[in-house]
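Reviewing the structure listed below.
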Amino acid sequence: MIKILLVDDEQIERDGLEAILKKNFNDITIQQAKNGRVAIELVSEFQPDLVFMDIQMPGITGIEAIETIKSDYPDLKFILVTAYATFDYAKEAMKLGVVDYLVKPSRVKEIVDTVEKVLEQIKVEQKRLEVNKQQQYTLQKAMSLFQTDVVTQLLFDHVHEIHLEELLEMVDIQSTAEKFVISVIVPNGFEACYSAVREKVSKTGSAWVGALYGRQLPIIVFRKKNQSFRNQATMLAREILSLNSSSEDNKLFVGIGTVYSSLDQIRQSYQESLVATRDTSIPRSFQFYDELPALVSGFDEETTKQNEQQYFEYIRNGEWDEIFHRITTIIDRLEQEGTMLKQTQQKVMELFWIASRVLSEMGIESDVQLYSFKSTDYRQLRAETSHLLERLRKSHEENHAAMEADIIQHIKQYIIDHAHKDISLEAIGREVGLSPIYISKIFKEQLGINYIHFLTECRIEKAKKLMRDPSKSLKEITFEVGYHDPNYFSKVFKKICHSSPKEYRKKLLSKVE
């Protein structure tokens, strides 16, 4: 439906023009304004596509009204209506971008021909805007998937340098040298609010949201230059926590890792953010890692972090004998220091909480919160600890045994078959029934490259084959292999093939000839 506004101080002129337009055009809706001031007010309410503007009106002239309206609606189309076909009016109209003008009185055919021409312009532009809008939506959706996967790769592997460099450009995030991770622990059934968290975080323009792994959601945050780390982290945590429900049993909790300058250390910040969630009972519902007392005293900061790093790796790799040794050593040390049994129980429970969070990354749910230590002495505490570790070991081994022997081949084939689509680790996870993080881990372990690198190679190989067809443009090939931005495709292609798509194709076709 095309909206048309008729502006003239003479009603007979407006009514006559409206009758002509309605008789000759379908799918139009018309409103009238008796002077320039009314027209200015009506444009914002009616949102017309085309305005017929009389020049000579009392008060605000047509030219003045167009100038005012154009400042807010630069793309709005105007047809100037005047009783004076003077050069000055035509010159002024051209400056304002008026698409055409009619001299009163105009013949019906002249009016119809002029309107047909302008409506065709409007329809072409509307179609182009709709296509651009759809392309933007598709690109944003693709970037959302891509961003989520890159978070997974950064936190649990090493993302391919090509993608990190280009992604920073494409998502338009103000990247800084310093970055940190926050982990949001969510209640059961929170999945429906994932998009609400993503929306709040995206408004900051300085963070990437990962996938929801079990009950935890990692977010990589880029430090803002005009804000302190603590202030930025606190504000973001409170924004996320504003989504909390009124139920005490259904609340979010945010753990905040340390700021690091290297991407290689971003994984450390993530693990710290998980450690910071070990006590979710504090009233403010968020905790900085650097505010926590060490799980076991007597170590310097670097040794403490190394111990935590090893503990995370032992759990991810299923090295249960090492985990048992680590925890029993801590119990022995605390007993020798004369620590009260209740305090030691709390320390051990915190270690189990961390273990449950790491297992949750891999899609292995084990609700540590239900475990209840009722030990009356250290001997009983050791026995209970051994029992709980055995339960975690069993959960991990059952999950590992459920994997089919050819799972990697299945994943590879799925990527090859769907490389032209906006696939993600989450989509692959749904296909094979595994956690995205676990897929990333086993993919790298068994193939020696990460998932994104393999996906890129599939797309580039397909692009090379399509380039043999001279009838296909490079832009068509870009979209056909799964990219949404020809410039981005060109950069990735050049990094991998050491020549631009245009240069590569020129050499390829010259050999064929």
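Of the solvent-accessible surface of region 456-501, computed with a 1.4 Å probe over protein heavy atoms with every protein chain present, carbon and sulfur atoms account for 51 percent. The candidates D113, D290, arranged from most to least accessible area with a 1.4 Å probe in the full protein assembly, appear as D290, D113.
Can you give the net charge of the other residues whose Cβ lies under 9 Å from the Cβ of P48, counting K and R as +1 and D and E as -1? Its environment carries a net charge of +1.
Count the net charge of all other residues whose Cβ sits under 12 Å from the Cβ of F286, scoring Lys and Arg as +1 and Asp and Glu as -1.
Here the count lands on +1.
Here the scattering of region 417-463 is modelled by Debye summation over its C-alpha atoms, one equal scatterer each and no solvent; at q = 0.15, 0.22 Å⁻¹ the log10 of I(q)/I(0) is -0.38, -0.79. For region 5-74, the set of GluC sites (Glu not before Pro) satisfying both a DSSP loop assignment and a count of at most 16 other C-beta atoms within 10 Å is given as E10.
An ellipsoid equivalent to region 430-513, defined through the eigenvalues of its Cα gyration tensor, has semi-axes of 30, 13, 11 Å when rounded to whole angstrom and sorted largest first.
Applying a threshold of 27 Å to the alpha-carbon distances of K462/K506; K444/K494; K133/K464; K394/K441; K251/K412; K200/K475 flags K133/K464; K251/K412; K200/K475 as lying beyond it.
The values are calculated or read from the model by the stated rules, or taken from the named source; none is laboratory data. Everything quoted here is computed from the prediction, not taken from an experiment. Virtual Cβ from ideal backbone geometry, glycine too; neighbours counted across all protein chains shown. What goes into the accessible areas is simple: the full protein's heavy atoms, side chains included, and nothing from ligands, DNA or RNA. Shrake-Rupley method; radii C 1.70, N 1.55, O 1.52, S 1.80 Å.
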